[in-house]
Structure formats: C-alpha cells, structure tokens
Amino acid sequence: MEERWVYMNGEYRRKAEATVSVFDHGFLYGDGVFEGIRVYEGNVFRLREHLERLYDSAKSILLNIPHSIDELEEAVVEAVRKNGLYNAYIRLVVSRGKGELCLDPAKCADPQMIIIVDQVKMFPQKLYDQGLKIITVPTRRNIPDALNPKIKSLNYLNNILVKIEANQAGVSEALMLNSDGYVAEGSGDNIFIAKGGILYTPPGYVGALDGITRRAILDLCDRLGYEVKEQPFTRHDVYIADECFLTGTAAEVIAVVEVDGRPIGNGQPGSISRHLRKEFRKLVTVDGVQVYPESKKMELE
Ligand code: PMP
C-alpha cells in the first residue's frame with residue numbers, strides 16, 4: 001500500500017504517526033467539527049462550500065479555527081497533492097484540542113486541525129444498479145434546539161445509533177424521523193422522493209444536515225427543469241412515492257427501492273434518480289477546485 005500523509009496542524013505525518021492525545025476533547029467528548037469531501041479526477045468537489053459549512057459549524061459551537069478559509073483551502077489542495085491521489089476521500093477534522101478531564105472547553109488552548117486524504121471506499125456498483133432496501137428506525141433525529149443537525153459536529157452518536165439499528169435489521173441505510181414524525185434524513189445522507197413528476201425534500205427546519213450533495217441536486221433540478229418542493233413529508237409519503245433516493249458525499253445519488261418492506265414505485269431505481277445520478281457524476285469532475293495541472297492529470301489518469 002502507498003504511504004499516506006496526514007496533515008496535522010501545519011505539518012505532515014505518516015499515517016502510523018498521525019495520532020492525537022487521549023486528552024483531546026474531540027476524543028473525550030466529541031467536541032469538534034468535521035467535513036467529508038470527495039475528489040473526482042483531481043477536482044475537489046465544491047470545496048469552498050464544504051469549508052464554509054465547516055466554519056459555520058465551528059462558529060456555532062464557538063470553536064475558533066486558527067486559519068483563514070483561503071489558507072485552509074490551500075492546505076486541503078496541498079494535502080491531496082502530497083498524497084498523489086486522483087480520486088479520493090478527504091476527512092477534515094477540527095477538534096477543540098487537548099484539555100483536562102472536565103468538560104470545560106475554556107481549558108483547551110489548541111484546536112487540532114487534521115486533514116486525512118485516502119482512497120474512496122465506494123459502495124459496490126451493485127447497490128447503485130439495484131437500489132437500496134432501507135428501513136425507518138425508532139431513533140429520532142436530534143432536535144434542533146438541543147444539538148442542531150445542521151452542525152456537522154464530531155458528536156455522531158445519533159447517527160451511529162441509526163446505523164446500528166440498520167445493521168441489526170440487515171440493511172445498509174435507514175431513515176430517521178424528527179420528533180414530530182416527519183422524515184428527516186438517513187444516518188449519513190439526505191432524502192428526496194418523487195411523486196407525479198415533482199420532487200420533494202425536507203426543508204432545513206425539519207432538522208437535517210444541509211448536504212452539499214443535496215444542494216448540487218437542487219441546482220441540477222433547476223437546470224434540468226425538474227420541479228422540487230422543499231416541504232415536510234411523512235413516512236407514508238415515502239411509501240407511496242414513485243421514486244426515492246438518497247444523496248451524500250459517500251453515497252452520491254443512490255436509488256431506494258424498498259422502505260420498511262414496501263416497494264417504492266415498481267421496486268426498481270426510477271428514471272429521475274437515474275437521470276440525476278448521471279448528471280451528478282458529470283458535475284463532480286468540474287465543479288470545484290482542480291488539484292493538478294492538465295499535464296499531471298494525464299499522468300494520473
Ligand atoms: N446527513 C448527514 C447526517 C450526513 O452525515 C451527511 C454526510 N455528510 C449528509 C446528510 C449528506 O451531506 P453531504 O452531501 O454534504 O455529504
């Protein structure tokens with residue numbers, strides 16, 4: 001396996017030496033924020049938007065990122081270059097840093113800034129061709145006035161519980177409802193449904209992450225002439241939808257063909273989700289920041 005270099009507070013360390021303190025409040029309390037970003041053919045997809053979301057998350061939890069957004073953008077691009085990857089997954093983590101064995105973040109002087117660049121662990125192609133069978137789970141989405149789901153914090157226990165419930169049921173993803181019973185999102189992706197040619201996705205106030213892929217799909221729908229309504233819907237609306245699909249940096253655009261044992265539409269990936277997936281795959285190689293000059297790209301291809 002090729003050597004990986006991890007960016008840690010301005011320097012690069014080998015994977016084996018890229019370690020954080022057990023006193024880091026990211027480790028002790030999930031106190032920090034993060035981003036997951038993809039590189040497609042040397043293009044860091046919507047890097048600026050990811051960074052803006054990171055800064056917004058950090059601001060919300062009063063965590064000071066000790067770099068300007070331009071510096072961080074440069075650091076991410078440099079970290080990809082250093083690892084020489086053409087297609088990659090980037091994990092950007094900012095933790096509150098080392099502190100004491102008490103909650104108080106005031107005792108943490110140095111936020112830790114980490115950029116990991118690694119190979120993408122793609123879902124098997126089979127899942128994209130056949131679509132996902134998923135369930136809804138009893139665990140509800142965090143309520144926005146406790147820990148707002150728009151904050152991409154290191155506290156992912158809510159999502160992990162959903163993943164455990166999905167695993168126990170033998171499915172690869174599951175949907176959370178919010179505390180009012182409206183569909184919020186998956187453990188790591190946003191949801192769209194289609195009914196009568198119109199698309200629906202939960203609005204921000206239902207309580208879900210403001211996904212960058214979701215935004216890209218909204219832009220594509222606008223360009224391709226699909227009508228989308230951002231409005232709350234229930235589990236029943238999902239059951240009777242013609243189509244359903246999930247969006248996320250890892251999942252990209254993936255059709256859902258069964259929810260809680262009910263086939264969605266005819267039980268096959270629908271034409272709208274297939275169309276949007278195709279267009280999305282084109283967009284990801286051009287919309288963002290290019291890491292390599294054209295000459296180098298040829299070499300890496
Ligand atoms: N919701 C949750 C809870 C997530 O973790 C993710 C993945 N970041 C998403 C939605 C999708 O967001 P994005 O398209 O920005 O990856």
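Miscellaneous remarks
Listed here are the residues, each with its yes/no results for (1) part of a strand (DSSP E or B); (2) of a type in the set (Gly, Ala, Ser).
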site	(1), (2)
20	no, no
33	yes, no
36	yes, yes
49	no, no
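- Taking strands (runs of 3 or more DSSP E) as the structural unit, those lying wholly within the stretch 220-278 and holding at least 1 residues that are under 16 Å from residue 134 (Cβ atoms) and not basic (Lys, Arg) correspond to 243-248, 252-259.
- Selection from the stretch 215-247 of residues that are within 16 Å of the ligand (Cβ to nearest atom), within 23 Å of residue 152 (Cα to Cα) and surrounded by fewer than 23 Cβ atoms within 10 Å (Cβ to Cβ): 215, 216, 218, 219, 230
- Flag if residue 180 is more than 16 Å from the ligand (Cβ to nearest atom) and surrounded by fewer than 22 Cβ atoms within 10 Å (Cβ to Cβ): yes
- Beta carbons closer than 6 Å, at least 6 apart along the sequence or on distinct chains, pair a first residue in the stretch 35-61 that is in contact (Cβ under 8 Å) with a residue 12 or more places away in the chain with a second that is hydrophobic (A, V, I, L, M, F, W, C) and surrounded by fewer than 17 Cβ atoms within 10 Å (Cβ to Cβ) for 51/69.
- Residue count for the stretch 53-87 satisfying the condition of being among the hydrophobic types (A, V, I, L, M, F, W, C), more than 23 Å from residue 301 (Cα to Cα) and not in a helix (DSSP H, G or I): 4.
- Failed item in (1) within 15 Å of the ligand (Cβ to nearest atom); (2) of a type in the set (A, V, I, L, M); (3) part of a loop (DSSP other than H, G, I, E, B), with residue 90 passing the rest: (3)
- Sole residue being on the phi > 0 side of the Ramachandran plot and not assigned by TED's automatic domain parsing to the domain that holds residue 203, chosen from 225, 288, 267, 261: 288
- Qualifying residue in the stretch 28-47 (condition: modelled with pLDDT of 95 or more, out of contact with any strand residue (DSSP E or B) (no Cβ under 7 Å at 6 or more places or on another chain) and over 25 Å from residue 294 (Cβ atoms)): yes
- Given (1) within 16 Å of the ligand (Cβ to nearest atom); (2) surrounded by fewer than 19 Cβ atoms within 10 Å (Cβ to Cβ), index of the condition residue 69 fails: (1)
The values are calculated or read from the model by the stated rules, or taken from the named source; none is laboratory data. All values derive from a computational prediction rather than experimental measurement. Cβ coordinates were reconstructed from backbone atoms using ideal geometry, including for glycine residues, and neighbour counts include every protein chain displayed.
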